[in-house]
Amino acid sequence: MTAPVSRSAASAGTSVLDPPIFDPGAFRLDDEQAAIIATARELGQTVFAGRAAAYDRDATFPTENYRDMHRAGLLGIAIPRKHGGLGASYQTYALAAAEIGRYCGATALTWNMHVCSTLWSGPLADDLDMDTTTRAEHERRRAVHYKRIVDDGAIYSQPFSEGGAAAAGGVAFGTEARPVKGGWIVNGKKIFASLSGHADYYGALCTELAEGEKASRRNTLYLAISAKADGVSVVGDWDPLGMRGTVSRTLLFKDAFVPEDAALMPRGVYFQAAMRWPHMFLTLSPSYVGLAQGAYDFTVRYLRGEMPGTPPVKRRMYPTKQIAVAQMQIKLEQIKAIWFQAITEACANPTKEQVLRAYAAQYSAMEGANEIATLAIRTCGGQAMLKSLALERIYRDSRCGSLMLPWTAELCLDRIGREALYETGETDD
């Protein structure tokens, strides 16, 4: 299936589309991949970029962008073709998400939370072990979720953080799901819950806890909880430094009944995925690869006197500006190289080297995006501080990347250092 392009460059008043971040020829992408990624890039440049400032200023969710993504088929990017989706691979999704992040970081980051509900339950789950009965039941259940997305444009979120070590994989999730006839009763709280108040279903990670049992990460459930269910509420304000359009308020579950068919993964499969498919936690990074490219694009246009909203004054002839652009280009290519390798080799049961590279790619993208944006502001000068121009927003959005669980910058460093020096089970005793 080829992805439809929802709006042509000519109709949006744009004569030339930006070149792709990852050229299909240079990075050996096939025609189908290139078409899906081009759809994302065209929507980003011709539609999302023009709306981004308003979503950021008002800290409002990009609802209109999601309607456009539904029309373009992008809400179902990772849904298998037999269920009406585009059937994109992990790599293809990541490259498309980077293109959207280039123009609107908040849209890309929230789209990730939506897509993961289909990516994890789709191609990722297909790589994991299930008996025949369990797999058939999973196939039946996920078809229900996929139909909502493809037909109705339903939006799924992925509330993860709880303020403790659970989101980093250290302990069981505090949000509890107690088995009852026909489903579960869920109680708990998720903080920084992106899309809160705007998603139709919250793909919440919960600990299944029968009477008398002790909480265990092995009993993690991945449940799609309807936003309309009794006991589901959204509380608190949302006025952060960056990624303001994600609207990541606090989500509460109080005796919320969740039917059995709401399971996005069968019992035990999420824990299996977390152990065997670690690249599932790398999917926040595409937004920041896109932001890094966006900061670089802005700087080149600004120094060439081609930035809309600014006088057509060229500043490219100064050696200090040229050196800064060279430094930005080098940093950007370093990020792209390690990140592309990491998303390309994502699979079940990766080698130790591949896992370490995934951590390094996450760290490079999350920290490197802000390093490039910081250099861009210094190079472009005073006008770069103005909220009327995109670079100021890119700088704030990119600063948030190193804080993102489950693989924060600090956790990546800790795991790289420890796992490089110790083999599994090895101690100093």
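The values are calculated or read from the model by the stated rules, or taken from the named source; none is laboratory data. Being a predicted model, the structure only gives us computed values, none of them experimental. A quick note on method: Cβ atoms are made from the backbone with ideal geometry, for glycine too, and the neighbour counts reach across all protein chains shown. Please note that ligands, DNA and RNA were not included when accessible areas were found on the heavy atoms of the full protein model with its side chains. Shrake-Rupley method; radii C 1.70, N 1.55, O 1.52, S 1.80 Å.
For helix 105-119, report the angle its Cα long axis makes with the longest principal axis of the Cα atoms of the chain; keep it between 0 and 90° and round to the nearest 10°.
That helix lies at roughly 30 degrees to the long axis.
What share of all Cα pairs of the chain, in percent, falls into each consecutive 10 Å distance bin?
Reading the bins upward from 0: 5, 22, 33, 26, 11, 3, 1, 0.
Using θ = phi - 60° and the Karplus form 6.51 cos²θ - 1.76 cosθ + 1.60, what ³J(HN,Hα) does each residue of the range 192-202 get, whole Hz, x for Gly and Pro?
So the J values, rounded to whole Hz, are 6, 8, 4, 6, 4, x, 10, 6, 7, 9, 9.
For the pair residue 410 and residue 345, what calculated FRET efficiency results from E = 1/(1 + (r/R0)^6), where r is the Cβ-Cβ distance and R0 = 30 Å, to the nearest 0.05?
0.80
Within a Cβ distance under 13 Å of residue 297, other residues only, what is the Lys/Arg minus Asp/Glu net charge?
Summing Lys/Arg as +1 and Asp/Glu as -1 gives +1.
From the phi of every residue in the range 73-88, what ³J(HN,Hα) in whole Hz does the Karplus formula 6.51 cos²θ - 1.76 cosθ + 1.60 yield, where θ is phi - 60° and glycine or proline is x?
Ordered by residue, 3J(HN,Hα) equals x, 6, 5, x, 4, 9, 6, x, 4, 5, 9, x, x, 8, x, 6 Hz.
How much length would be gained if the chain were fully extended between residue 16 and residue 323, taking 0.36 nm per residue of separation minus their Cα-Cα distance, in nm to one decimal?
Full-extension gain reported as 107.8 nm.
How much accessible area per residue does the chain have, counting only protein heavy atoms and a probe of 1.4 Å, in square angstrom?
Here the residues of the chain average 42 Å² of exposed surface.
Heavy-atom accessible area of residue 388 with all protein chains present, probe 1.4 Å, nearest 10 Å²?
100
At 222 nm, what value in deg cm²/dmol follows for the chain if DSSP H runs of at least 4 each add -39500 (n - 2.57) and the sum is divided by all its residues, to the nearest 500?
-14000 deg cm²/dmol
HN-Hα J couplings of the range 93-100 from phi, Karplus 6.51/-1.76/1.60, θ = phi - 60°, integer Hz, Gly and Pro as x?
For the range 93-100, the Karplus curve yields 4, 4, 5, 5, 5, 4, 5, 5 Hz.
The range 349-418: percent of C-alpha pairs farther apart than 13 Å? It would help to have the intermediate numbers written out before the result.
Numbers: 1595 of 2415 pairs.
When every Cα pair of the range 349-418 is considered, 66 percent fall beyond 13 Å.
Once both labels are modelled 7 Å past Cα along the beta-carbon direction, what's the residue 32-residue 355 spacing in nm?
Placing both labels 7 Å beyond Cα along the Cβ direction yields 3.2 nm.
How much net charge surrounds residue 127 when only other residues with a Cβ under 14 Å from its Cβ are counted (Lys, Arg +1; Asp, Glu -1)?
Local net charge: -1.
For a quick check: with amide H placed at 1.01 Å from N, whose amide H comes under 5 Å from residue 221's, ignoring anything fewer than 5 positions away on the same chain?
206, 207, 208
Tell me the angle of helix 132-152 to the major Cα principal axis of the chain, expressed in degrees between 0 and 90 and rounded to the nearest ten.
50
What FRET efficiency, computed as 1/(1 + (r/R0)^6) with R0 = 22 Å and r the Cβ-Cβ distance, is obtained for residue 148 and residue 228, rounded to the nearest 0.05?
In this case the efficiency is close to 0.95.
Taking 0.36 nm per intervening residue step and subtracting the Cα-Cα distance, what contour gain separates residue 418 from residue 254 on full extension?
Length difference between fully extended and current span is 55.1 nm.
Taking K and R as +1 and D and E as -1, what net charge do the other residues with C-beta under 14 Å from the C-beta of residue 389 add up to?
0
Output the 0 to 90 degree angle, nearest 10, between the alpha-carbon long axis of helix 49-58 and the longest principal axis computed from the alpha carbons of the chain.
Orientation of helix 49-58: about 70 degrees from the principal axis.
Highest mean first, how do 133-142, 219-228, 333-342, 280-289 rank when packing is the count of other Cβ atoms within 10 Å averaged over residues? Walk me through the intermediate numbers first.
Details: 133-142: 15.3, 219-228: 22.1, 333-342: 18.5, 280-289: 25.5.
Those peptides, ordered most packed to least, come out 280-289, 219-228, 333-342, 133-142.
With springs only between Cα atoms under 10 Å, which of 95, 291, 411 fluctuates most in a Gaussian network model of the chain?
So, out of 95, 291, 411, the one fluctuating most is 411.
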